[in-house]
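Written below as structure tokens is the structure these notes are about.
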Amino acid sequence: MNILIIAPSWVGDMMMSHSLYQTLKQQYPDCQIDVLAPNWCKPLLARMPEVRNALTMPIGHGAFSLGERYKIGKALRNQYNMAIVLPNSLKSAFIPLFAKIPVRRGWKGESRYCLLNDLRSNKHDYPMMVQRYVALGYEKGKIPTAQNLNIPTPYLTVDESAVQKTKEILLTIPNGIVRGFAPVASNVEIPTEFSTAQFALAENRPAIGFCPGAEFGPAKRWPHYHYAKLAERLIEQGYSIRLFGSNKDVEVGEQIRLSLPESLQHYCVNLAGQTELNQAVDLIADCTAMVTNDSGLMHIAAAVGRPLVAVYGPTSPEYTPPLSDKAVIIRLIKGGLIKIRKGADSAEGYHQSLIDITPEMVLEKLMPLLAN
């Protein structure tokens, strides 16, 4: 059996979809799984042994492009026995239809009655996103209840030699100078050079990784000044700090680093915007532990087996928790998702529930993970 997966477009969702691929291999041991996904997903899919091919989805997130979808579907005809559509959008179900794949499976989503012929409509019986993904790995009538559903843990393979090579590329000092701290549009003056001696000090220490960014802005972020205070405490205990994120997170990374006492700043390396996704996976796998907001990088940290503390505010850990037995979640408010994207409770846009999570609370949860 050849199976085509129409993949999600977010890092965290992509990581959770790995539980489905493992389930499909359990249900159909001889199946071959291809995943149609944005090009940036390929480094993650290459680390999932259950995936045969990662096929590039050339249409950007949010674009309808029906003609382009028809061309893609036509090119995929006579190759697959089943398609599983993970996004809930109407447009995501067109390619399997155009590919004339016999079994087209997915949740009802945006009323996709004519597009999917193995339609599931009891989504609310499975409150977690990963449960909804895994349920699509079973035939109709054979799906376990949410309480009895086996959830394979997502994982990414890590090659230690590749990790060392990544460290050499990104953490080795060319010509005695560390460069790469890109200036950003702000009033913060960002240095572009650090001395060899200072940088070497950071690399002689075990690293704790921070993921301070969030896709929808500061309402989902733990405040930068809390990250800075936690970094200060950890550096004083003999650790160095690595800050991870995309280009959009360079500024918040610098806010954290420059909030440290000047004598400690060289123990904190801002890698936001400096790494490709594959490199970020390697360097996260090399960290002793992680502290993170609810983010895609949180799910990557869980998938490479790093002990982590995840701080949640408006988003709900009941829906998308880190899937790891080495993860500790801190959330002070009760209930499910709070739909806040901007205009939160402080001048910086932080949500009060995240402001109220103190560095001491995080350190209290982190220290037992470090001890183990």
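The values are calculated or read from the model by the stated rules, or taken from the named source; none is laboratory data. Bear in mind the structure is a predicted one, so any value in this text is a computation, not a measurement. Here the Cβ is made from the backbone with ideal geometry for all residues, glycine too, and neighbour counts use every protein chain on show. Only protein heavy atoms, including side chains, enter the accessible area calculation; ligands, DNA and RNA are left aside. Shrake-Rupley method; radii C 1.70, N 1.55, O 1.52, S 1.80 Å.
Observations
- Each of THR288 and ASP125 was given a label point 7 Å from its Cα along the Cα-to-Cβ line. The distance between the two points is 4.7 nm.
- ³J(HN,Hα) computed for each position of the stretch 59-64 - Karplus, 6.51 cos²θ - 1.76 cosθ + 1.60, integer Hz, glycine/proline x: 8, x, 4, x, 7, 7
- Cut-off under 5 Å, modelled amide H: who pairs with LEU156 long-range: VAL304
- Three-way shape label, the chain, alpha-carbon gyration tensor, a/c 1.5: prolate
- Integer Hz, Karplus 6.51/-1.76/1.60 couplings in order for the stretch 90-103, x for Gly and Pro: 4, 5, 5, 8, 6, 4, x, 5, 5, 7, 6, 6, x, 10
- Estimated from helical segments only, the mean residue ellipticity of the chain at 222 nm is -9000 deg cm²/dmol, where each DSSP H run of four or more residues counts as -39500 (n - 2.57).
- Cα-Cα over 29 Å, subset of LYS165/LYS326; LYS108/LYS365; LYS74/LYS108; LYS42/LYS220: LYS108/LYS365
- Rolling a 1.4 Å probe over the heavy atoms of the protein chains gives the chain an accessible area of 44 Å² per residue.
- Of the solvent-accessible surface of the chain, computed with a 1.4 Å probe over protein heavy atoms with every protein chain present, carbon and sulfur atoms account for 51 percent.
- Listed values for the stretch 149-159 are Karplus-derived 3J(HN,Hα) couplings in whole Hz (6.51 cos²θ - 1.76 cosθ + 1.60, θ = phi - 60°), namely 6, 7, 10, x, 6, x, 8, 10, 6, 10, 9, and x replaces Gly and Pro.
- Check: the chain dipole with +1 on Lys, Arg Cβ and -1 on Asp, Glu Cβ, in debye: 1720 debye
- Using the Cβ-Cβ distance between LYS165 and CYS114 with R0 = 51 Å, the FRET efficiency computed as 1/(1 + (r/R0)^6) comes to roughly 0.55.
- Rounded to the nearest 5, the antiparallel percentage of DSSP beta bridges internal to the chain is 5%.
- Model label sites at GLU139 and LYS326, defined 7 Å from Cα along the beta-carbon direction, differ in position by 3.8 nm.
- Positive-end residue of TYR319, GLY106, GLN164, charge dipole of the chain with Cβ unit charges: GLY106
- Cα-based reach from LYS142 at 17 Å (exclusive), listing lysines while leaving out same-chain residues under 8 positions away: LYS25, LYS123
- The stretch 1-22 and the stretch 202-227 have Cα centres separated by 27 Å.
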